[in-house]
Each structure stands twice: as C-alpha cells, then as structure tokens.
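Laboratory data are not the source of any read-out in this text; all were calculated from the coordinates shown. Since this is a predicted model, take the numbers as computed values, not measurements. Heads up, the Cβs are rebuilt from the backbone with ideal geometry, glycines too, and the neighbour counts pull from every protein chain shown.
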Amino acid sequence: MLRVKNLTVSIHGKPIIKGLNLEVNEGEVHAIMGPNGSGKSTLASVIAGHKMFDVDKGEISYMGKNIFDMPAETRAREGIFLGFQYPVEIPGVSIANFMRTAINEKRKYLGLDPLTGAEFLKLMEEKKKMVEIHSKLANRSVNEGFSGGEKKKNEIFQMAMLEPRLAILDETDSGLDIDALKVVANGVNKLRRKDNATVLITHYQRLLDYIVPDFVHILYDGRIIKSGNKELAMELEEKGYDWIRKETATGAA
Amino acid sequence: MADKNDNILEEVSGSEYKYGFYTDIEMDQAPPGLTEDTIRFISAKKNEPGFMLAFRLKAFRHWKTLKEPDWAHVAYPPINYQDLIYYSAPRKRPKYDNLDEVDPELLETFEKLGIPLDEQKMLAGVAVDAVMDSVSVGSTFKKTLAEHGVIFCSFSEALQKHPDLIKKYMGSVVPYTDNYFASLNSAVFSDGSFAYIPRGVRCPLELSTYFRINAANTGQFERTLIIAEEGSYVSYMEGCTAPIRDENQLHAAIVEIIAHKDAEVKYSTVQNWWPGDKEGKGGVYNFVTKRGICEGDNAKISWTQVETGSAITWKYPSLILKGNNTIGEFYSVAVTNNKQQADTGTKMIHLGKNTRSTIISKGISGGQSNNSYRGLVKTGRKAENARNFSQCDSLLLGDQCGAHTFPYIDVGNRSSIVEHEATTSKISEDQLFYCLQRGIDMEGAIGLIVNGYAKDVLSKLPMEFAVEAQKLLSISLEGSIG
C-alpha cells in the first residue's frame, strides 16, 4: 500500500530524513518509535503532503501511484489520513460542517453523490458511538477550546468518519490520561480492517499495550535503524533510547 | 478578449427586468453634465410634484458649495461630475436569446451562488418569457402586503401616490446638507424603494424577493425610505449576491429609516457591485449614506451588511437612538480582495436614556486590498445609562493587504458605558493544511475558515440570504492566497 524508498527530506537546507525505507501493507499496523527530533513527525507530514519540507531524494508510492504527483487534498481523498499531533482550532466552523464538507469533497472526487443531511447525521451518530464520543462535540467549533484529550478524540472521530485506507497517527497518545488513551486505542482497534493500514507514531510503549502492532520500527537520526515486532518496543522501553544510540555508535564504528 | 468582455459588461449592465420595480417613464437621455436645467429635466420627466423639484434644487445649490471629502482611507482619481449622465434612457433590451450566448465565467459564478435559472437569465440579460414565475409571485406578494396595509413600491410610484409621506419624511434622517454625496443624491436621485408599515402591523413577508430582480436594474443614485409606524415590524433585504456589473462608476445612494415607538426594523444588505478587474480598473465606487432613527421609545433598528463588491466602498450605516430604551445594532462583514478599498463602519448616536447599541464588524482582506473600519460611538448629555459594545475584528489573508481600525468614542455623560474590543488575525498555514489533509481544497478551506470567522454576523441575516452570503464570501476570496 505504502512504499517509502530511500527518502531524503530537509527543511531550510537542514537534512531531517536521511534515506528512509518503509513498506506498509494492507491489514497491518506499524509503530514508529524514536526520540525527539528523529524525524517521526516530518515523515508523517511529508506523506500527507505538507509543503514546508523539501524532498531531496527518494520515492513514496501509495496504492501504486507516485505520491508526489498528488496535492495534499488529493492524497486525503485517496484515503490517506493524518491524525495531527497538534490539531488546530478553526473558530466558528462546527465539526459537523467541517466533516460534511470533507466527506462530500471526497465523495465528489470518487464520483459519488453528496450525503444528504439525514444520511450525514446518521453516519455521525454511528461513528460517535463507535469511538465513544457522547458529548455534543459535533456542534462545537473545530478544536476550539478543546482540552488536549478532546482534541485527540476528535482526531479519531474524524478518522472514523472518513474511513481512510492509510491512517497515520502522529503522537495521538501524547498528553492523554489513561482513560482517554483507552478511548483512542479502542477507536483505532475498531477501525482496524483487512483492507486498511495504520501507522502509529509514538514516543512510548504505553500505547502499544492497547494497540498491538504487527511491526515496530525505531527511527533514529532520520533513518529506520531497527525493525521488529512488539518485543522490540518492550526492549526499547526497558533499555531506553540510549541503548539505540550506543548500538548505532557501535555500528558506525 | 478584452473587447468581448467589455461588450458583455455593457450588455449585462444594460439588462432590463420589467416586472420588478420599474418606473413607467418613456425615456430619452439628458445631455451629460449637471446644471439646474438637468435637474428640472429629471423632475419633469418623472412628473414630480413641485415640492420635489424644490428639494432637488435646494440640494443642488448646496452641493455646489461643497468640496468632495478626502478623509476616508481610500484613493481614487478625481471624478468629473460634469462628465456623468444623470438621467439615462431605460436599459437596453436583452441581447441574448439564450444562456449559451452569455459569458461562461459569469454563468459559473451564478452556478456557484445557486441562483435559479430564470434569475440567471434575467441577470445576464437573456430574454425571459412574460410568463416567468416571479410575475405571479410578485402579484401574490403585492396582494398579501396590501391586505396588511403595507406600502412597498418604487420611490417614483410613492411620489405619485403618497406624496404626503414622502414630503414628511424624506430628508428627515439624512438632510440634503448632510454630506457631499448625500447632497448630490438629493439633487439628482433617479429612483429607489419606499416601504411604509402601518401602526401595529408585523409585515408578513421579508421585503426582499423583488430585490434580487430589481438589483440588476438599480440606478446610479438610489433612494430608499422606510417608515415603521408605532409597534410595527419589518425585515427588509436589499442587494444581490450575484455580481452586478454596471458601466456607471459612481453610485451614491441614500437610505433613510424611521422607527417610531416600539417599532422594529431589520435592514440587511448584500452588496456585490463589480469590483473591477484584478487591477481595480472599471470597478464601481460605492459612496452611500445610510441612516436610521429610533424616533420613539423602545424602537429598534439593526443593520446587517455583507460587503464584497465595489472597487471602493465608503459607507457608514448609522443610527440615531433618540427615544428612551431604544436599541441599535450594526453587524458587518466587509471583504476586500485584489485592489479593492473599503472604508466602512457605523455611527451610533445615543440621545435617549437607557439606549443600547452593539457593533460587530468583521473585516477580511486579501490580495493587495485595504480594509478599514471607521466607527463613532457618541453618547449625549441626556443619554443616561447608555451602553455600547463594539467588537472590530480583522482577518488578513496573505501579507500584502491592509486592515485598519479607526474608532471614535465621544462620551457625554457619566453613566454611559462604552466598550471597544479589537483583534487582528491571519489565516494560518496550519489551518489551511488541516483542511487540505481532510480532502478540502484550498478554495474550500478559505471559504470554511472565513465563513467561520464571519459566523456571528452571517447568523443575523435572514436564512436564504445567509446561505447565499456564505457562498459569496468564498467566491469573493478566490485566489486571495498565493
């Protein structure tokens, strides 16, 4: 589904990702872990189509298509979803209006008729239940005055609404208390299907207690330096990032 | 291409709709220039009562003593008033047989605004059948209004049928000496609208439906007079979301509203005059004087405006809160893009006791435009416990536009409370990317963000108007961010 080959990315001439390879297939959950500044969020942004970064080398293909041929909104309509680490506020725009616009844009792109008001409301109720949002969240302005936990839940709610093929969740677990974390994890698990894939970007092993990944990658200094299964995350948790630093240093020497 | 566009412009602006408000004058044209003879000519052509001619002449003599104001934060080349034509033949007959012949770009805009096909035809200057729906709709409306005693007609018709009302109220809120453009209008106004709501009547209809139809046909110097008798209510809508292109560059209208005791008037405007090309060439100058007076106790008047058009907008819908416990409201969204200039705001003059006013102004500037809010809040010596709350927000798109706020506050007694809040913000890259990532394109994203920003004002518009205004905001800002 997603193939990243030898990707090199910089910002203002400063290299951040330095030859990264990653392959994600349908039905898989990948976790990308790494210390601050290792390039995790940059990778997510580049896949989603943020223009702030310069892609110097490498390829990314999604569903067999060159991702760089598509502007950000097309990638989204093709089924790529980014759960933001810091979701922005859009004052005065209700979540319902925001989602309805987004869904109908996607449907238009796919050649489908827009959802009627009633169909949309039904879908929204269904998804709210699914991701355990009981509040009147949908009537509130997008992220305006939301607590950290509400913002993250809102990201998961949007993910449920848009039913992406590839969801990248950028530190969705950071800043969440254990209850909110469970809500988020349950949402992700319920949305897990054979024909979609999830990439979890996270700092901590904690999230992986609730969402069991098929693969764990350790991103360090712009490269994936180690891949494994859930055990790798446990090992990392136990030994800390220093362990990786030492290993890398040894490897380099 | 330019030639073709010019032709289309001419033809569009030359369109005529004969079933809306329409003055039944067979016309020729006055020679260019402005003299007393021009004014006598206009008055004679319209078969006006003597007091009207006298009023026009007084205004003209006064106007000649005035200098064009230059204090607004706008710039434009000098207008040669002797070059203008103050009385012109009725607009040309439609030039097209069907919509296929009309400028596709214009049609696309109509489509985006969701304007019904018949109205598209009319606005674009396509011949329409006499059996068009709005004719029958129009007469049904007239019947309903008549049953309630509401008078709603063109200014010219009112002059013929209700001269006493005109004589009593015209110039009572905006005197002909008020300002340069008001004097000019008083001297040469062509036509406009008149509404009278009798005592205790709640006008059963939004006075609106004619207006989209009529707006394509408005003259250069319009005059509107609305009178709400004691305890009456009316919601009045003026303007048109469809882009109105006109060869008349200068538009100097006057609107006067009188609300008697316990009466309420809601006045909503959507203004979308032709702003000119991307360089601002050929756009309309919209220099308007709008003022209402809450004459009796407990009266209420609110202005809601969405301003997106014109090369230059110079407009301060104002209210005089004369009665005790009267309420004035001003809700405004002013959008400027490309090289448009807008200097707009309001004046709230508190004279009565316990008077209250609210001002919410949302300026949105894109391109290389300039958008100014200018407002005065004044409380008189006797306006005990007067209260005002003003909120002036500016939203910038891109980094080449300007937003300015000029608030004037003049408090004349110790018990008044006047509050002013102002903010300036920019649409952030992060907000745009967030929308893009959800599959909403740039244009849609700007539309969403801007409509969210303007929500407090848009929500004051009558429903059908609000929906159109939302679309209009998005369209007006196309291409405003590089």
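Some notes on this structure:
- Residue exposure sequence - B:Ser332, A:Ser10, B:Ser428 - by fewest surrounding Cβ within 10 Å: B:Ser428, A:Ser10, B:Ser332
- Simple rule: put +1 on each Lys or Arg Cβ and -1 on each Asp or Glu Cβ in region A:1-153, find the dipole, and look at A:Val142, A:Gly117, A:Gly79; the Cα lying farthest toward the positive end is A:Val142.
- Its Cα centre serving as origin, region A:109-253 has a Cβ charge dipole (Lys and Arg +1, Asp and Glu -1) of approximately 220 debye.
- Protection-proxy order for peptides B:417-424, B:154-161, A:138-145, each taking the mean of Cβ atoms within 10 Å per residue, highest first: B:154-161, A:138-145, B:417-424
- Violating pairs (Cα-Cα greater than 28 angstrom) within the set A:Lys18/A:Lys239; B:Lys45/B:Lys167; B:Lys64/B:Lys315; A:Lys153/A:Lys246; A:Lys190/B:Lys455: A:Lys153/A:Lys246; A:Lys190/B:Lys455
- Sorted ascending by nearby beta carbons within 10 Å, beginning with the fewest, A:Lys18, A:Lys106 become A:Lys18, A:Lys106.
- Separation between Cα centres of region A:186-253 and region A:1-66, rounded to whole Å: 15
- For region B:222-365, the gyration tensor built on C-alpha atoms gives a prolate shape. Its axis ratio a/c (a ≥ b ≥ c) is at least 1.5, and a/b is the larger of a/b and b/c.
- Farthest toward positive dipole pole in chain A [+1 Lys/Arg, -1 Asp/Glu at C-beta], among A:Leu200, A:Asn36, A:Ile67: A:Ile67
- Counting neighbouring beta carbons within 10 Å and listing from fewest to most, the residues B:Val234, A:Val4 come out as A:Val4, B:Val234.
- Per-residue ³J(HN,Hα) for region A:162-168, Karplus 6.51 cos²θ - 1.76 cosθ + 1.60, θ = phi - 60°, Hz, x for Gly and Pro: 8, 6, x, 7, 10, 10, 10
- Among residues other than B:His260 with Cβ under 9 Å from its Cβ, the summed charge is -2 (Lys and Arg +1, Asp and Glu -1).
- Cα-centre dipole for region A:2-252 with unit charges at Cβ (Lys and Arg positive, Asp and Glu negative), debye to 20: 380
- Only Cα pairs under 8 Å and 6+ residues apart enter the sum, and on that basis the relative contact order of region A:129-192 stands at 46 percent.
- Region B:153-476: relative contact order as a whole-number percent, Cα under 8 Å and 6+ apart: 11
- For the segment A:81-93, counting C-beta atoms of other chains within 10 Å of every residue's C-beta and taking the mean gives 5.
- Against the empirical curve 2.2 N^0.38 Å, the C-alpha radius of gyration of region A:2-252 lands at a ratio of 1.01.
- Lysines with Cα under 20 Å of B:Lys322, excluding same-chain neighbours fewer than 8 positions away: B:Lys168, B:Lys261, B:Lys266, B:Lys290, B:Lys300, B:Lys347, B:Lys353, B:Lys378, B:Lys382
- Around the Cα centre of region B:153-476, unit charges on the Cβ atoms of Lys, Arg, Asp and Glu (plus for the first two, minus for the last two) sum to a dipole of about 800 debye.
- With contacts taken as Cα pairs under 8 Å and at least 6 residues apart, chain A reaches a relative contact order of 27 percent.
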